[in-house]
1. Near residue C:250, within a Cβ-to-Cβ distance under 14 Å, what is the net charge of the other residues, with Lys and Arg +1 and Asp and Glu -1?
2. With no solvent and one equal point scatterer per Cα, compute the Debye intensity ratio I(q)/I(0) for segment C:232-296 at 0.21, 0.25 Å⁻¹ and report its log10, rounded to two decimals.
3. Checking the a/c ratio against 1.5 first, then a/b against b/c, what shape does the Cα gyration tensor give for segment C:64-172?
4. Determine the order of A:136, C:159 by accessible area, beginning with the largest, at a probe radius of 1.4 Å.
5. Checking the cross-link filter: which aspartates and glutamates have an alpha carbon closer than 15 Å to that of residue A:272, excluding same-chain neighbours under 8 positions apart?
6. Taking chain C as a Gaussian network, Cα atoms linked when under 10 Å apart, which of C:88, C:50, C:130 shows the biggest mean-square fluctuation?
7. Under 14 Å from the Cβ of residue C:74, count the other residues' Cβ atoms, weight Lys and Arg +1, Asp and Glu -1, and hand me the total.
8. Given a Förster distance of 22 angstrom, what is the FRET efficiency for residue A:99 paired with residue A:60, based on the Cβ-Cβ distance and rounded to 0.05?
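The values are calculated or read from the model by the stated rules, or taken from the named source; none is laboratory data. Small disclaimer: the values here were computed from a predicted structure and weren't measured. Heads up, the Cβs are rebuilt from the backbone with ideal geometry, glycines too, and the neighbour counts pull from every protein chain shown. The protein model used for the area step is the full one, side chains on, heavy atoms only, and it has no ligands, DNA or RNA in it. Shrake-Rupley method; radii C 1.70, N 1.55, O 1.52, S 1.80 Å.
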Amino acid sequence: MKHERILLGHGGGGALTRELIAQCFLPALQNPLLQPLDDSAVLTVAGQRLAFTTDSYVVQPRFFPGGDIGKLAVCGTVNDLAMQGAEPLWLSLSFILEEGLPLADLKRIVDSIRVTAASVGVTVVTGDTKVVERGHCDGLFINTAGIGRIVANEPPGSARVPPGDAVILNGFLGEHGVAVLSQREGIGFSTRVTSDCAPLWPLVKLILETGAEVHAMRDPTRGGLAAAVCDIAHAAGVGIRLDERALPINREVQGACDLLGLDPLTIANEGKFLLFCPASQADRVLAAMRQHPLGKDARVIGEVVDKPKGMVLLRTTIGGERIIDLPTGEDLPRIC
Amino acid sequence: MCLAVPAKIVELNDATATISVDGVFREVDVSLIEEPRLGDYVLVHAGFAIHKWDKSEVEELEAIRAATDLREVVR
Amino acid sequence: MKTLVQRIKQLAAEVGRDVQFMEVCGTHTMAAFRSGLPRLLPDSVRLISGPGCPVCVTDTNYIDAAIALCRRPDVIVATFGDLVRVPGSESSLEQERAAGATVRIVYSPSNALALARECPAKQVVFLGIGFETTAPTVAWSIWKAAKDGLANYSVLCAHKTMPHAMEALLKDHAVKIDGFMCPGHVSVITGAQLYRFICEEYRIPCVVSGFEPWDMLKTIAMLLAQVAEGRAEVEVEYSRSVSEQGNQAAQRLMDEVFEECDVSWRGIGTIPRSGLQLRPQYAAFDAAHRLGMRFSEARVHPGCRCGDVLRGVLTPPACQLFGTACTPLHPFGPCMVSAEGTCAAYFKYEKRAAA
């Protein structure tokens, strides 16, 4: 059955999103700068390498334990730049507001943006505001673009990952998605889990300062860890083997997933990232990461292998093996 | 779809109860089980408790989950 | 102490021939897949997937009826999430939602009942899918709606039951099943006595299994032991949750609200007495009755070989639709609709072997 209309799953960051990009966007827009489809594009202007990214934020609800749509807008954009080894410099900030949105909510969100931007040293330099009639955008949507200066010698890129690399993760999975879901009406569960929403540049900077060879970095947002590792395996044409016993998932997140029938590996994170570096340098990278609060739980979760190309395998806790697939995408709408 | 998870009753009303799965709380209907009590462990499916466990059965599950080397568990 | 895998290898050697065990529960399919269990088994022991996913065996004509309902402006369709992707003859609930229909995903029939109370001007129709684990919860919602005189709640019923389906797999058809891994949570409700007739009439071992990988491996060991010893009995591995008689309160409620009927299974066809329908005294809460629905004739899609795959006699590549018209993103029959159905799993693993 061919899809004639956009489905919620097309925004899930999984297989349907990939299908949409391949069938609708790339045929019209493909070019060498777009082609890597990494978190940011790498541009060279007058000999200076820059990273350029864009994102939109439609998270529902706007305010959730651990953050809000404003904090998320800054962190998400700054993190996309950081994944390309770029120090975040400037942001654009574009609001689409619904008629009837309480001004107090908007001020609270803008204040959150101010605080988060200041904490990471990024400046909002341009903006826009549009208003649509009541019922046409559910409160507010935020769009951003971000520019950063690439400080890594070789800009990390998903295609650069060779067999033999270690796969490193900085901390616990599934917190953002579970925190947001717990506030959704109609789902009816409550939990103490808070979103892990945080700007990752300060931690990434520490890692780059060690001089270690960082081949790629990717933050597992929509589609979770599963989507992120599948994308890297696909882009680099390598296999990735993960060890389930090494995956950090806390009991509350697992409990929420068990209750709702969700897979923690497909749930969004907003303060986590994967890092690919030569196995011989993993210890050096981990030592640096563990100095920082956002990296204290960092560990190696797997390795990059030659075969099976483009696929991700998981060694399970009982010593079995399964394939980690690109999630289809419709389990968790409006999570970012 | 046949997902059912073991959960502890932390609050009891008439026909409903609040259960906790590892610190995640949810309201479920207890009409299908007999004499639910605070502290009981129940199996939850589609928002209903369908079975009540006694302590030894809960301990058996925990032992099984811990036995990742798949040795025989003494029941 | 030996590990379970070692025990299984030893028992398989004692049995001395290839054996095929079938699980008939979508959650067992998922649990086996997630833990990578099938690949831990010796080559002579295969665990195959039967028609255990109630969502996936929901026929096209039911989806078409649900779609017709959700297109009505006075109706809200409430459903478990996994049903929205299942294809009807031309569309799916997911596509209808995209086109503007009101389709609400719920986690429990009690949520659907609450929705009906919140929206008195609309007819709330709950899509009643599931086996004996879920049917009592839906029965409760109908009983409660009747008790409270709620006029805008009804159920479009597609509940199915296990025993006659298991029997249909064995009767009249080429099939190679040396034992059943019986569904754990269905058995919590029905009791293990449900499977007695399979052992007595068909001489096939049945072991009721829990869902931890440990449980499933233990079940396979128990099935192998029965085969090795020439026994055919009902045994309960999942003794912490399953008794001989089951949950009597749940059974009474099901019996109060539902009666047996013939129903069509996607990819297989009609299996007599394998479905549940509302009893005449609850007809008012049957969505088909209240809203004047008529089901089109159920038919198995030409070319779809799911029936044979589900009986364990055909491997997916032998089906003409496999990998061409029928893929995980655009599935036809239950074996591909289920994310871990035989065909969907084969698709993934063949990709892996070729990569």
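1. -3
2. Scattering profile of segment C:232-296, log10 relative to I(0): -1.01, -1.09.
3. oblate
4. Heavy-atom accessible area, descending, gives A:136, C:159.
5. Partners within reach: A:39, A:80, A:175, A:196, A:219, A:297.
6. Of C:88, C:50, C:130, the most mobile in the Gaussian network model is C:88.
7. Within the 14 Å Cβ shell, the charges total +4.
8. Result of the calculation: an efficiency of 0.75.
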